[in-house]
Amino acid sequence: ARTPEDVGRIVEASGLSRLLRPAPRTASVGNLGGGDGDGSYLPVVQAHGLGDFAHDPFGMLPLKRSISEYLNGTYVLNVQIGDNGLEDSLSSIFTSINFQVEQFAAVVQSDPELVGGFNAIGYSQGND
């Protein structure tokens, strides 16, 4: 199993650390990447790729925990499309991207933790 330190090294090596800089929780769209030096981070919202599901105990949940630990306990939300893991997984394959974006937006807009802004990560297997 990967430790938070392992994830930290991966994030640093990938260049993602530039995107996850400290930012005030009251950030506006204009300063989501900026920080005030207090060590707090904006929440993180993750969208899984094709066939995965938000509460996958071997994929998305360990990523959620690792990101939160790496960012000093920052709130991390894995967006689920559908009422359960099976619907979430199938929706990623069999529903239109427009539907998925609408559902993603509804989840994000209904979460009070995200009112001050957030960083988003979207995973994909590509389209080769």
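Taking the criterion of being part of a helix (DSSP H, G or I) and among the acidic types (Asp, Glu), would at least one residue in region 52-61 satisfy it?
Checked against the condition, which is being part of a helix (DSSP H, G or I) and among the acidic types (Asp, Glu), region 52-61 yields no hits at all.
Any chance region 88-97 includes a residue that's modelled with pLDDT of 95 or more, surrounded by 15 or more Cβ atoms within 10 Å (Cβ to Cβ) and not basic (Lys, Arg)?
Taking every residue of region 88-97 in turn, none turns out to be modelled with pLDDT of 95 or more, surrounded by 15 or more Cβ atoms within 10 Å (Cβ to Cβ) and not basic (Lys, Arg).
Can you tell me which condition residue 80 does not meet? The list is (1) more than 16 Å from the chain's Cα centre (by Cα); (2) modelled with pLDDT of 90 or more; (3) of a type in the set (S, T, N, Q); (4) surrounded by 15 or more Cβ atoms within 10 Å (Cβ to Cβ), and all the others hold.
Looking at each condition in turn, residue 80 falls short on (1).
Please tell me if residue 116 is touching a Lys or Arg at 6+ places or on another chain (Cβ under 8 Å), part of a loop (DSSP other than H, G, I, E, B) and of a type outside the set (A, V, I, L, M).
Yes.
Considering only residues that are of a type in the set (A, V, I, L, M) and either open to solvent by 60 Å² or more (accessible area, probe 1.4 Å) or in contact with a helix residue (DSSP H, G or I) (Cβ under 7 Å, 6 or more places away or on another chain) (or both), which ones fall in region 42-62?
Going through region 42-62, the residues of a type in the set (A, V, I, L, M) turn out to be 42, 44-45, 47, 50, 54, 60-61.
Residues satisfying the conditions are 44, 45, 47, 50, 54.
When region 89-98 is examined, which residues are found to be hydroxyl-bearing (Ser, Thr, Tyr) and out of contact with any Phe, Trp or Tyr (no Cβ under 6 Å at 6 or more places or on another chain)?
Within region 89-98, 91, 92, 95, 96 qualify.
Would you mind finding the one in 104, 94 that is within 14 Å of the chain's Cα centre (by Cα) and not acidic (Asp, Glu)?
None of the other options fit; the residue is 104.
Here are some residues: 120, 106, 47, 54. Which one is among the aliphatic types (A, V, I, L, M) and touching a His at 6+ places or on another chain (Cβ under 7 Å)?
Answer to the check: 54.
Mind checking which residues of region 98-128 are charged (D, E, K, R) and open to solvent by 90 Å² or more (accessible area, probe 1.4 Å)? It would help to see each step written out before you state the result.
Residues of region 98-128 that are charged (D, E, K, R), as a first pass: 102, 111, 113, 128.
102, 128, listed by residue number.
For every residue, the table says whether it meets (1) under 22 Å from residue 9 (Cα atoms); (2) of a type in the set (A, V, I, L, M); (3) touching a Phe, Trp or Tyr at 6+ places or on another chain (Cβ under 8 Å).
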site: 51; (1), (2), (3): no, no, no
site: 61; (1), (2), (3): yes, yes, no
site: 69; (1), (2), (3): yes, no, no
site: 73; (1), (2), (3): yes, no, no
site: 84; (1), (2), (3): no, no, no
site: 87; (1), (2), (3): no, no, no
site: 100; (1), (2), (3): no, no, no
site: 108; (1), (2), (3): no, yes, yes
site: 115; (1), (2), (3): no, yes, no
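The values are calculated or read from the model by the stated rules, or taken from the named source; none is laboratory data. Here the structure is a predicted model, which means the values were calculated and not measured. Ideal geometry is used to build each Cβ from the backbone, glycine not excepted, and the neighbour counts take in all protein chains shown. Only protein heavy atoms, including side chains, enter the accessible area calculation; ligands, DNA and RNA are left aside. Shrake-Rupley method; radii C 1.70, N 1.55, O 1.52, S 1.80 Å.
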